[in-house]
């Protein structure tokens, strides 16, 4: 992806004109809040063709009208008359900006539309912890799994005995787009709790500055 972005920036950053006859972005509308992958559409002047669409984490542009390279997160090139596109790979939740690069085949003059903002909602799935126990070493290991488009996620697991929290662990970790994340938490049974004691597992997740959730919990026996 890094090579693709660099190549497109290099190819379209030469002889670029300001947005006097640029493509007109249509959807998502300015400032849109969307809960599904974005579907981009735009209109072209009759004498122009689509060259590329760019998505960035900040609206700053160069003198040529392209996004600053350090802020680019997606770049897709076109063969000619396309006026719509939707990314296959997921985007992180949060604010994004997009623009369309077009050109006049007769004059080779290139144009950039003005950056347009949209916000992608957080999407997350959280699966109940996998449980492992060692009866000889008296430990209990809880491994929750999740997937989503957040950049970071805070995972929390707790053990309750008679509705009282006896142990809890929390960890903030980075999330990888398009993959399932997991964390393991290990509890060692103290002598004050008998082997086989039924406890309740409470687990959940939260996204900094956004949503929180969790499962209904379940019962486990002390190892």
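Residue-wise test of (1) surrounded by 15 or more Cβ atoms within 10 Å (Cβ to Cβ); (2) in contact with a helix residue (DSSP H, G or I) (Cβ under 8 Å, 6 or more places away or on another chain); (3) modelled with pLDDT of 95 or more; (4) in the same structural domain as residue 202 (by TED's automatic domain parsing).
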| site | (1), (2), (3), (4) |
| --- | --- |
| 142 | yes, no, yes, yes |
| 148 | yes, no, no, yes |
| 153 | yes, no, no, yes |
| 179 | no, no, no, yes |
*Find the residue count for region 100-130, including only residues that are surrounded by 14 or more Cβ atoms within 10 Å (Cβ to Cβ), over 20 Å from the mean Cα position of the chain (by Cα) and in a strand (DSSP E or B).*
11
*Please work out if residue 216 is exposed (fewer than 13 other Cβ atoms within 10 Å of the Cβ), free of Cβ contacts under 8 Å to residues at least 40 places away in the same chain, outside any strand (DSSP E or B) and out of contact with any strand residue (DSSP E or B) (no Cβ under 9 Å at 6 or more places or on another chain).*
no
*Within the bounds of region 157-167, is there any residue that is surrounded by 16 or more Cβ atoms within 10 Å (Cβ to Cβ), part of a loop (DSSP other than H, G, I, E, B), touching a residue at least 24 places away in the same chain (Cβ under 8 Å) and out of contact with any helix residue (DSSP H, G or I) (no Cβ under 9 Å at 6 or more places or on another chain)?*
no
_So, residue 96, is that one touching a helix residue (DSSP H, G or I) at 6+ places or on another chain (Cβ under 9 Å), under 30 Å from residue 41 (Cβ atoms) and either in the same structural domain as residue 32 (by TED's automatic domain parsing) or surrounded by 14 or more Cβ atoms within 10 Å (Cβ to Cβ) (or both) or not?_
no
*asked:* If residue 138 satisfies all but one of (1) surrounded by 15 or more Cβ atoms within 10 Å (Cβ to Cβ); (2) over 30 Å from residue 31 (Cβ atoms); (3) modelled with pLDDT under 95, what's the number of the condition it fails?
replied: (3)
*Checklist (1) within 15 Å of residue 217 (Cα to Cα); (2) touching a residue at least 60 places away in the same chain (Cβ under 8 Å) applied to residue 138, failing item*: (1)
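Listed here are the residues, each with its yes/no results for (1) without any contact (Cβ under 8 Å) to a residue 40 or more places away in the chain; (2) more than 19 Å from residue 127 (Cβ to Cβ); (3) outside the structural domain of residue 154 (by TED's automatic domain parsing).
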{"position": "171", "(1), (2), (3)": "yes, no, no"}
{"position": "176", "(1), (2), (3)": "yes, no, no"}
{"position": "183", "(1), (2), (3)": "no, no, no"}
{"position": "186", "(1), (2), (3)": "no, no, no"}
{"position": "195", "(1), (2), (3)": "no, yes, no"}
{"position": "199", "(1), (2), (3)": "no, yes, no"}
{"position": "207", "(1), (2), (3)": "no, no, no"}
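The values are calculated or read from the model by the stated rules, or taken from the named source; none is laboratory data. The model shown is predicted, which means the values in this text are computed figures rather than measured ones. Here Cβ is always computed from backbone atoms with ideal geometry, including for glycine, and neighbour counts include all displayed protein chains.
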